[in-house]
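Nothing in this text is a laboratory measurement; each read-out follows from the coordinates by a stated rule. Note that the structure is predicted; figures quoted are calculated from it, not measured. Cβ: placed from backbone, ideal geometry, glycine included. Neighbour counts: every protein chain shown.
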Amino acid sequence: MNIQIEVVDWSREADIRSVRNAVFSEEQGIDSALDFDGQDKDAMHALVIAEGKPVGTGRVLSDGHIGRVCVLKSHRGLGLGRDITKALVESAREQKLSRVYLNSQAHAIDFYKELGFETHGEGHMEVGIPHQAMRLEF
């Protein structure tokens, strides 16, 4: 399978939206108005392309906040979430940030710990889903 990971800006909006809509809106039932919060234009996005089609994405904001990491169900288990996160961390380092942080869904806490993130504070609810704040210092 031919898989590429690109760090892109919002000019790839259609590709990014297609993945996020499939995962967050259709699969998890999250209102797209909550997902598309107006910050995407100023973010850098990791975009996974497999066989010419978008299958994964994530973003990092200028303050180091990583979010919206998702992979289509058909492409899970291939390590693409890890690759997306690593690409976003590298983008933050290139921007000379000293840390990145995120709010992990509870089921993904161990995934982020394996990438060096540490939990921070108490768990909380976002859009009806348990989350945990996490951060990675450089």
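Please give the contour-minus-distance gain from Ile49 to Glu118: 0.36 nm per residue of separation, less the Cα-Cα distance, rounded to one decimal in nm.
Details: separation 69, 0.36 × 69 = 24.84 nm, distance 2.91 nm.
That works out to 21.9 nm of additional length.
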Fill in the blank from the handout: Straight-line reach check, Lys53, cutoff 14 Å on alpha carbons, 8 or more apart in-chain or any other chain, hits among aspartates and glutamates -> Glu6, Glu13, Asp15
Fill in the blank from the handout: Taking a label point 7 Å from the Cα of Gln95 along Cα-to-Cβ, the residues of region 110-138 whose backbone nitrogen sits under 16 Å from it are 135-138
Completion exercise
Sites removed, the longest contiguous part of the chain containing no DSSP-loop GluC sites (Glu not before Pro) with at most 10 other Cβ within 10 Å is 52-121
Problem - Mean-position separation - Cα centroids, region 90-138 and region 8-32, in angstrom - result: 20
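Grab the DSSP H runs of the chain that are 4 residues or longer, score each as -39,500 (n - 2.57), total them, divide by all residues and round the 222 nm result to the nearest 500 deg cm²/dmol. Please list the in-between numbers first.
Details: 4 runs with 33 residues, N = 138.
Here the helix-only value at 222 nm equals -6500 deg cm²/dmol.
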Practice task
Give the Rg/Rh ratio for the chain, taking Rg as the radius of gyration of the Cα atoms and Rh as the Kirkwood radius, to two decimals.
Solution key: 0.93
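Fully extended, how many nm does the chain gain between Glu137 and His107 (0.36 nm per residue separation, minus their Cα-Cα distance)?
On the way: separation 30, 0.36 × 30 = 10.80 nm, distance 2.21 nm.
Stretched out fully, the Glu137 to His107 stretch lengthens by 8.6 nm.
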